[in-house]
Amino acid sequence: PGRVKRLLLSQLFQPLNLQGEGAGEGKAGELTCRSQKLMLQAGLIHPSSPGCYSYMPPTVRAMEKLIKVMDEEMQAVGGQKLNMPSLSSAELWRASGRWDRMGPELFRLVDRHGKGYCLGPTHEEAVTELVAAQSNLSYKQLPLRLYQVTRKFRDEPKPRFGLLRSREFYMKDMYTFDVSEEAAQQTYGLVCGAYCSLFDRLGLPFVKVQAATGNIGGTVSHEFQLPAEVGEDRLLLCPGGHFAANVETFNEEQMSCPTCREKLTQTRGIEVGHAFYLGTKYSSVSNAVFCSPDNKPQLAEMGCYGLGVTRILAASIEVLSTEDSIRWPSLIAPYQLCFISPKRGSKEEKEGALLLEQLYDDVAEALPHLTGDSVLDDRTQLTIGKRLKDANRLGYPYVLVAGKGVCEDPPVFEVWNQNAGEVLFLTKEGVIELLSKAQVP
C-alpha cells in the first residue's frame, strides 16, 4: 500500500515504429521534415486526415507540461484564464470585416436554422464581444488580460510538416484591454517579456523579429521565431543583434542594419509566437468601452498575443533533435526517466530486476515531484543495447540501466544523462542526488 504503480513501457499506448519503415507519411515524394518523421516513428502522433492528428498519451503529457509553464508565465503578468467556444457566429466576423477578408482559410458551417458560423482560428471578435457585454466596466478594473488554451482551426490549402502546419492545432491566445495607448504598450512589453522568459526556460534558441500585422490587424507586431531550415518564414538578422525582421516587412533593397549599417544575414525560421498591438480596431466595432475617471465611456485599447502549443512541441523537436533521436526541452519531456531491466536469461536477471524495481520505488518516494514521470522498459526479451537505443531515440532525459554493476556491493547503476551527453555509474544514493536536479513544471 502507498507504493506507486509502475508504468510499464509494454502497456503504454505509443505504437513505436523506430525502424522507420513507413514513417514518411503521405504520398511518395511528399516533403517531410525531421520533427514529423521522428514524431511518427516514436508513436507520438497518428495522422487521421490531411493536417489532422491524434496526439498519443506521451504527447498529451508533454503538452500539459508546456501549458503549465505557459500558465505560470501568463499568470505572472496578471493573466486570467477563460475558455471561449470554438463555434463563432458569422455575424461577429462580418461586423469586423474578417468574414470576407479571411477567405477560404475559415472553416464555415451553417446550423439547422440557417445561421452561419466559423470554427475559430482566433478569438478577437468573440473576446471583444464578451468584454463589451460588461456594461459597467470601470477604468479601475483595467488592465484586463484574458487568455485561453484551445483548439484552433484553419483550412490550410497545403497542410504539411506534421504539427508545424496543420488544420487543427492548440494555441494559447491572450487578449488585453487597457485604458490608454501608453498602458497598452506597457502591456505589450510585459507579455513579450513573458514569451522571452518561456522560451529561455525551455532552452530554445529564439529570435524576436518585427513582423507584418496581416489578417489580425493593428499597428505594431512582433513574431517569436525558432531559426530552422524547414521554417517557412525568411528572417533578416543584424550580426550585432541590433535588428531582426521578417522579410515581408522589409524593403529588399535595404539590406543593412538601420542601427549599425552592418550587412543583414538571412535565415529561415518557424514562427512559434506572435504579438499584436491592436489599438481600438476591434473595440470600436463591438463598442467595448469602460467608464473613465471623469465618468465618460471610453474605448479600450487592445492587444493580442498567441503561442502555438502544438507547434512549439514540434518546432522544439525540429531544432533540438538529431536525425534519428528526439531531444525534448527537458522541462516538458513526456517522461523524465526510463528504467531498463536486465535481459531475460542474463546472469544479472533476477537480482538486477529486483534492484531496479526497488530503485524505481525509492526514486518515487524520495522525489515525489517525479512521481508518474518514470517508465520501466519491461521488454526483457530485447537486449539492453536495443532498449537503450530506443530510449535514446525517444528522448528520455535520464535512462537508468541495471547492467553488470548491479551485482557489485553496493549495486551500481548505469545512468545516461542524455541532455548533458554523459554516462555515469552511480549507487542508489548517487542516482537520487542526480535526479533531484530534474525539473518538471
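Brief remarks follow.
- For the options 207, 110, 149, a Gaussian network treatment of the chain with springs between C-alpha atoms closer than 10 Å singles out 110 as fluctuating the most.
- Length gained when the stretch residue 433-residue 185 is fully extended (0.36 nm per residue, less Cα-Cα span): 84.8 nm
- Sorting 123, 274, 369, 113 by solvent-accessible area of protein heavy atoms yields 113, 369, 274, 123, largest first, with a 1.4 Å probe.
- Anisotropy class of region 252-327 from Cα gyration tensor, a/c 1.5 cut: oblate
- DSSP bridge orientation in region 34-320 - percent antiparallel, rounded to nearest 5: 95 percent
- Across region 283-298, coupling constants 3J(HN,Hα) worked out from phi with the 6.51/-1.76/1.60 Karplus curve, θ = phi - 60°, read 5, 6, 6, 8, 6, 7, 10, 10, 8, 6, x, 9, 6, 10, x, 9 Hz, and Gly and Pro carry x.
- For residue 369, the shell of other residues with beta-carbons less than 13 Å away shows a net charge of +1, using +1 for Lys and Arg and -1 for Asp and Glu.
- Take every pair of alpha-carbon atoms less than 8 Å apart whose residues are at least six positions apart; their mean separation over the length of region 335-436 yields a relative contact order of 31 percent.
- Nearest-10 value in Å² for the accessible area of residue 187, using the 1.4 Å probe: 0 Å²
- Only helices reaching 20 angstrom along their own axis (Cα) with mean Kyte-Doolittle hydropathy no lower than -0.5 count here, and for the DSSP H runs of the chain these are 57-76, 181-202, 349-366.
- Where GluC sites (Glu not before Pro) fall in DSSP loop in region 274-370, at most 12 other Cβ within 10 Å: 323
- Near residue 412, the amide H atoms lying under 5 Å from its own belong to 406, 407; only residues 5 or more places off or on other chains count, and H is placed 1.01 Å from N.
- Cβ-placed point charges (K, R +1; D, E -1), dipole of region 335-436 about Cα centre in debye, nearest 20: 640 debye
- For q = 0.07, 0.10, 0.12, 0.13 Å⁻¹, Debye-computed log10 I/I(0) when each Cα of the chain counts as one equal scatterer: -0.43, -0.81, -1.05, -1.17
- As a fraction of the 1.4 Å probe accessible area of region 66-187, surface on carbon and sulfur atoms comes out at 49 percent.
- Based on Cα contacts under 8 Å between residues 6+ apart, the chain shows a relative contact order of 16 percent.
- Taking a ≥ b ≥ c as the square roots of the eigenvalues of the alpha carbon gyration tensor, region 40-130 is oblate, as a/c is not under 1.5 and a/b does not beat b/c.
- Unsatisfied cross-links (Cα-Cα over 27 Å) in the set 65/115; 347/386; 172/281; 65/437; 172/208; 37/172: 65/115
- The magnitude of the dipole of region 271-385, with charges of +1 and -1 set on the Cβ of Lys/Arg and Asp/Glu and taken from the Cα centre, is near 460 debye.
- Average accessible surface for the chain: 45 Å² per residue, computed with a 1.4 Å probe over protein heavy atoms with every protein chain in place.
- Projected label points at residue 64 and residue 267, each 7 Å from Cα along the beta carbon direction, are separated by 3.5 nanometres.
- Share of carbon and sulfur in the accessible heavy-atom surface of region 335-436 [1.4 Å probe, %]: 54 percent
- Applying the criteria of a DSSP loop state and at most 16 other Cβ atoms within 10 Å to the trypsin sites (Lys or Arg not before Pro) of region 33-130 yields 112, 115.
- Secondary structure note: in region 335-436, about 55% of the DSSP beta bridges are antiparallel.
- Computed about its Cα centre, the charge dipole of the chain is approximately 840 debye, with only Lys, Arg, Asp and Glu carrying charge at their Cβ.
- For residue 190, the solvent-accessible surface computed with a 1.4 Å probe is close to 80 Å², ligands and nucleic acids excluded.
- Counted charge near residue 14, where neighbours are those whose Cβ lies closer than 13 Å (Asp, Glu -1; Lys, Arg +1): +1
- Accessible area per residue was computed with a 1.4 Å probe on protein heavy atoms; residue 222 scores about 40 Å².
- Of the trypsin sites (Lys or Arg not before Pro) in region 327-391, those whose Cβ has at most 12 other Cβ within 10 Å and which sit in DSSP loop: 344, 347
- Potential lengthening between residue 365 and residue 381 on full extension [0.36 nm per residue; Cα-Cα distance subtracted]: 2.9 nm
- The alpha-carbon atoms of region 312-441 define a convex hull whose volume equals 96 cubic angstrom per residue.
The values are calculated or read from the model by the stated rules, or taken from the named source; none is laboratory data. Every value quoted in this text rests on a predicted model; they were computed, and no experiment measured them. Using ideal geometry, Cβ is built from the backbone for each residue, glycine included, and neighbour counts are taken over all protein chains shown. Each accessible area value is taken on the protein alone, full model and side chains, heavy atoms only, with ligands, DNA and RNA left out. Shrake-Rupley method; radii C 1.70, N 1.55, O 1.52, S 1.80 Å.
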